[in-house]
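Input: a single structure, listed below in structure tokens.
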């Protein structure tokens, strides 16, 4: 399969387990993403890394009832911790490569706060190594997901677990019974 897809020409789709990786014939310039991330970290008062369930982890009835997915842990990064992360972000390469294509099911969010309010959020799916950042839609640099994985694990959060079982343990056991509307 060949054709234009963003700034890179797609050469092939390759299956790797449950993900499909898009291979390109030339590296993608990821400088804009790296620099925007470095600027966001540098100007943030603090960052919060949250481990959470998502809607795919909930049973269908909980989804219909509007149950919020549970949060398992939150870590706040300020001062020296934030600065160490910033130094690592600045060392990321200028190039981005293959992007996996799978069901995006994020269980971690990195929030950026300025003046006490959240200014952007980066959702991270370690299962398929994808992320979405509200502040920048360009291609991410190689090594960013590995850096985020290291940050997550170093702070005692899980990157892999049975997310559905974890969500089921955290949701209220006695759900309200649905009543039929009168005819």
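For the range 60-154, please list each of the strands (runs of 3 or more DSSP E) lying entirely inside it that holds at least 2 residues being at pLDDT 90 or above and either out of contact with any helix residue (DSSP H, G or I) (no Cβ under 8 Å at 6 or more places or on another chain) or closer than 19 Å to residue 29 by Cβ (or both). By residue number, 71-77, 108-114, 117-125, 130-133.
Quick grid of which residues meet (1) touching a residue at least 60 places away in the same chain (Cβ under 8 Å); (2) farther than 14 Å from residue 40 by Cβ:
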position: 96; (1), (2): yes, yes
position: 102; (1), (2): yes, yes
position: 107; (1), (2): no, yes
position: 114; (1), (2): yes, no
position: 123; (1), (2): no, yes
position: 126; (1), (2): no, yes
position: 130; (1), (2): no, yes
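In the set (1) surrounded by 13 or more Cβ atoms within 10 Å (Cβ to Cβ); (2) over 20 Å from residue 138 (Cα atoms); (3) modelled with pLDDT of 95 or more, residue 39 fails one condition alone, (2).
Picking from residues in the range 115-125 that are under 18 Å from residue 77 (Cβ atoms) and under 14 Å from the mean Cα position of the chain (by Cα), the one that is surrounded by the most Cβ atoms within 10 Å (Cβ to Cβ) is 124. The lone criterion from (1) surrounded by fewer than 16 Cβ atoms within 10 Å (Cβ to Cβ); (2) touching a strand residue (DSSP E or B) at 6+ places or on another chain (Cβ under 9 Å); (3) under 13 Å from residue 147 (Cα atoms) left unmet by residue 110 is number (1). Cβ separations smaller than 8 Å between residues 6+ apart or across chains give the following pairs from the range 32-57 residues that are free of Cβ contacts under 8 Å to residues at least 40 places away in the same chain to residues that are part of a loop (DSSP other than H, G, I, E, B): 55/69.
The values are calculated or read from the model by the stated rules, or taken from the named source; none is laboratory data. Everything quoted here is computed from the prediction, not taken from an experiment. Virtual Cβ from ideal backbone geometry, glycine too; neighbours counted across all protein chains shown.
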